[in-house]
Amino acid sequence: MIDFSIPADLAAERDRVRQFVIDKIVPYERDPRLTSHGPTDELRQELVELARAEKLLTVQAPVELGGRGLTHVEQAVLYEAAGWSTLGPVAMNCAAPDEGNMFLLSKVANPEQIDRYLMPVITGQQRSVFAMTEPGGAGSDPGQLSTSATFDGENFVVNGRKWLITGADGAKTWIIMARLEANPHLPEGPTLFLTEGDTPGIVIERTMNTMDRNYVGGHGVVRFENLTLPKESVLGETGQALRYAQLRLAPARLTHCMRWLGAAERAQSIAVEHARTRTAFGKPIGEHEGVSFLLADNEIALHQCRLTIWHACWLMDNGHKARHESSIAKSSVSEELFKVADRCVQVLGGIGISDETVVEMIFRDMRAFRLYDGPTEVHKWAIGRQVLRG
């Protein structure tokens, strides 16, 4: 039986999250600490305390680690509500990259690593990064990973360069992907390492100037210069980084979609209100078909995106990996929500390209979303291969 109803308690919590964001978080969208490189950590901490006071902090964490152990469908409902403001997920500690990193660490880290690296992120005390993408191509194709690690039986030494490392500036928990060279001690290949951000050998060259501004710390260019790590720093098993990355990426693709669905809804609500009150040629512009059709297309897209997300989440909640479906969701939802934001700009006219509303910021951030966790073309390539396999 297909049941699309939302349980009453979940619906009530969704409404509570949305109201919290509207009342407590939206006013911060004009805060000067929301910079071109994202919210400052000072602003993040202030927002986190607001969510903590409402018992809305890191609700997605496993129960044994202090969270509510939400299902993927429950996350979809609450993250959409949180995404009404791009600062909502930051406040509730369910924004990227921390949300995906927390998921990965909860699945792979050992008890000592959980205490040292995961729990401070869950409690909102510190941030994390996932350092994989490289200038030479290790992004969509992690097989091109060039950052190397050598092992002498006691210590690893990591050398290489990364970029577009979200949140690098100020993050404390670092997950680093490097290719472990052949050695007589451990299996070689792509490996994940855990360390602190202030470890000697981690050099943050600069923060890149990008079109989006919703991630704390922006996107950094990082260099590893003889970064020396003890053997206890390995996350999981050596040579298994690509498998662990897939473990992280499938849910992370969906949580991006959930949050941005909320932002697109916000843009639509602003466009609808404008269409009701702005007049042209003798009547509200929403009564002109050219505008009403744009709003109708948006409503159709929002509905389709929500159902696509929910279906993939339902599959995961029922034990399926849902890689195919999560790729479908990421590629289709990111493209459709960008169109929603674009149409909202069009409905708003001149003020749509100004900062008189948050729509222009949502539009810019939504364009970047089309590249997060793999561009549309990579997902379609994977989808096509699956279709051909039958």
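Would you be so kind as to identify which of His303, Val272, Met316 lies farthest towards the positive end of the dipole of segment 214-323, taking Lys and Arg as +1 and Asp and Glu as -1 on Cβ and the Cα centre as origin?
My answer, from the dipole projection, is Met316.
Taking only complete DSSP H runs, can you tell me which helices of the chain stretch 30 Å or more along their own long axis by Cα positions and average at least -1.0 on the Kyte-Doolittle scale?
241-277, 289-317, 323-348
For His324, His303, His219, what ranking results if the residue with the fewest other Cβ atoms within 10 Å of its Cβ goes first?
Final ranking by Cβ density, sparse to dense: His303, His324, His219.
Note the full-extension length gain between Val203 and Glu377 as 0.36 nm times their separation in residues minus their Cα-Cα distance, in nm to one decimal.
The span from Val203 to Glu377 would gain 59.4 nm if fully extended.
Under a point-charge model restricted to the Cβ atoms of Lys and Arg (+1) and Asp and Glu (-1), what is the dipole moment magnitude of the chain relative to its Cα centre, in debye to the nearest 20?
580 debye
Once you've got the GNM for the chain with C-alpha springs shorter than 10 Å, pick whichever of Arg370, Arg276, Arg206 has the biggest mean-square fluctuation.
Arg276
Can you tell me which lysines have their Cα less than 21 Å from the Cα of Lys107? Leave out same-chain residues fewer than eight positions away.
Filter leaves Lys172, Lys231, Lys321.
Please report, in debye to the nearest 20, how large the charge dipole of segment 167-302 is about its Cα centre when each Lys and Arg carries +1 at its beta carbon and each Asp and Glu carries -1 there.
180 debye
Taking all pairs of different Cα atoms in segment 242-389, averaging 1/r and flipping that mean, what Kirkwood radius in angstroms comes out?
16.2 Å
What is the distance in Å between the Cα centres of segment 202-254 and segment 303-330?
25 Å
What does the extension gain come out to for His320 and Ala53, with contour length at 0.36 nm per residue minus their alpha carbon separation?
92.6 nm
Using only helices, what value at 222 nm comes out for the chain when you add -39,500 (n - 2.57) per DSSP H run of length 4 or more and divide by the total residues, to the nearest 500 deg cm²/dmol?
-15000 deg cm²/dmol
Report relative contact order for the chain in percent, whole number only (criteria: Cα-Cα under 8 Å, sequence separation at least 6).
16 percent
Subtracting the Cα-Cα distance from 0.36 nm times the residue separation, let me have the gained length for Glu154 to Arg30 in nm, one decimal.
Full extension of this stretch gives 39.6 nm more.
Regarding the chain, what whole-number volume in Å³ per residue does the convex hull of its Cα atoms give?
Once divided by residue count, the hull of the chain is 150 Å³.
To the nearest Å, what is the center-to-center distance of segment 118-178 and segment 62-106, using C-alpha atoms only?
21 Å
Note down the magnitude of the dipole of segment 9-99 about its Cα centre, charges +1 on Lys and Arg C-beta and -1 on Asp and Glu C-beta and zero elsewhere, to the nearest 20 debye.
120 debye
Of the peptides 371-384, 249-262, 332-345, how do they stack up when ordered by the mean number of other Cβ atoms within 10 Å, highest first?
Descending packing order for the listed peptides: 249-262, 332-345, 371-384.
Give the Kirkwood hydrodynamic radius (Å, one decimal) of segment 1-146, defined as one over the mean of 1/r across all pairs of different Cα atoms.
Evaluated over segment 1-146, this radius sits at 16.5 Å.
Every read-out reported here was derived from the displayed coordinates using simple, explicitly stated rules and does not represent laboratory data. Not measured: the values here are computed from a predicted model. Heads up, the Cβs are rebuilt from the backbone with ideal geometry, glycines too, and the neighbour counts pull from every protein chain shown.
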